[in-house]
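Report on the following structure.
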Amino acid sequence: MRDNIDVTTAWVEVLSGLGEKGPACIRLWTGRALWVLDVGVGPEATSPFKRHWLDGADRVFVSHDHIDHIGGVAHAVSAGLPIHCTAQTARELPPGAKVEYLSETGQSVIDGVTVTTGRNGHALGGVWFHFDLGDGLFFSGDWSEESDWFAFDAPPPARTALIDASYHLDDVPQTQRRAGLDRMLAQNEGRQILFPVPPSGRAGELALHLLRHGEVSLDDTCQLAISRALQSGTLNSSASQLAPLLGRSFDPSARFLVCDTPNADAGMAWQMVQTWRDAGRLGQDAMVVFTGHMTAHARVIAAQGGEFLRWNVHPPLSDQIHMIRSLGAHLYAPLFCANPEDYLLESRIEAGLLFHERCVL
């Protein structure tokens, strides 16, 4: 801790995820204990979780089960740290984890601090965090308010906000994203299309949309995640339309294939890419459409036989601005994007911009 900060004063510091689409990891001093918020890896292979990020930590909080937020959690388990997350997120923890369950929507008092959680509209069991420290700290993890699949809960006011800005200054709404996808499908009527996805993320919502255009087949991992999602009772009512797809064997000949993993670097998505490449089909009558952040591996596949069409699972700029205003935030950090200094040019944001400095709450 810095000498000019009283040890009883709460502060927050972004260890990773500010200035890059890198692992999420934030350190929070409550005034008497050190907490770590998210323990991510990647998404690039060159962005590991650094073990020293847990030095001195008393607890770990995980917002959702995507690798760039949970991928380093084994280090927290081996350190014997309590891990606070929802029951759904806890399914992805390694054996031996000391789990302290959080509700998807509600409040918990942890070591004297009121922690409020709400559904983040991004992943099954995914939540944002609000910590009642100082004048309030909000950490969104990843979030979206545009999903037809996941629910989103509005957070309470907070003076300091660490928000998902994965799309940087991009301000294209999901309505336009859907229309763009529909045009692409019409232009590729005779081609088989693979959509690599995170199973607990956009898999269900994307499959629901594709059903309007043709036969959809889900791999086993996506089926399991979607089945759990339907059983959770927290989804949009239209989600039940996917029920008939569950329990069916994966059909590699279906028009649309929705498969794990999101960058086609493992799982059924990678198997299908290999199969199509070996058969000379990739880039011919078969193509891969990436809808989220693309790693170097994904970019190579796209160059050989695919393309990128964003499907919003993070907030466009207008939603980022609205979140800052609705929180009443005086300070904010735009996480998970390059060049956060670009936000200094956005006149609609009146809050002060945080960089890597430790911020007193």
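Overview of results
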{"quantity": "Residue check, residue 307 open to solvent by 10 Å² or more (accessible area, probe 1.4 Å) and in a loop (DSSP other than H, G, I, E, B)", "calculated": "no"}
{"quantity": "Check on residue 40, open to solvent by less than 10 Å² (accessible area, probe 1.4 Å), at pLDDT below 95 and closer than 25 Å to residue 119 by Cα", "calculated": "no"}
{"quantity": "Residue in segment 227-246 that is open to solvent by less than 50 Å² (accessible area, probe 1.4 Å), modelled with pLDDT of 90 or more, out of contact with any Gly (no Cβ under 6 Å at 6 or more places or on another chain) and not in a helix (DSSP H, G or I) present", "calculated": "yes"}
{"quantity": "Any hit, segment 326-337, residues being part of a loop (DSSP other than H, G, I, E, B) and open to solvent by 60 Å² or more (accessible area, probe 1.4 Å)", "calculated": "yes"}
{"quantity": "First in segment 229-245 and farther than 19 Å from residue 86 by Cα and hydroxyl-bearing (Ser, Thr, Tyr), second anywhere and in a helix (DSSP H, G or I) and open to solvent by less than 70 Å² (accessible area, probe 1.4 Å), Cβ under 9 Å, 6 or more apart", "calculated": "238/208; 240/230"}
{"quantity": "Condition check for residue 215: among the charged types (D, E, K, R) and over 24 Å from residue 118 (Cβ atoms)", "calculated": "yes"}
{"quantity": "Residues of segment 247-271 satisfying the condition of being part of a loop (DSSP other than H, G, I, E, B) and among the hydrophobic types (A, V, I, L, M, F, W, C)", "calculated": "250, 254, 264, 266"}
{"quantity": "Of residues in segment 48-64 being outside any loop (DSSP other than H, G, I, E, B) and more than 17 Å from the chain's Cα centre (by Cα), the one nearest to residue 104 (Cα to Cα)", "calculated": "60"}
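The values are calculated or read from the model by the stated rules, or taken from the named source; none is laboratory data. The model shown is predicted, which means the values in this text are computed figures rather than measured ones. A quick note on method: Cβ atoms are made from the backbone with ideal geometry, for glycine too, and the neighbour counts reach across all protein chains shown. Side chains are part of the model used for accessible areas, which takes the heavy atoms of the whole protein and leaves out ligands, DNA and RNA. Shrake-Rupley method; radii C 1.70, N 1.55, O 1.52, S 1.80 Å.
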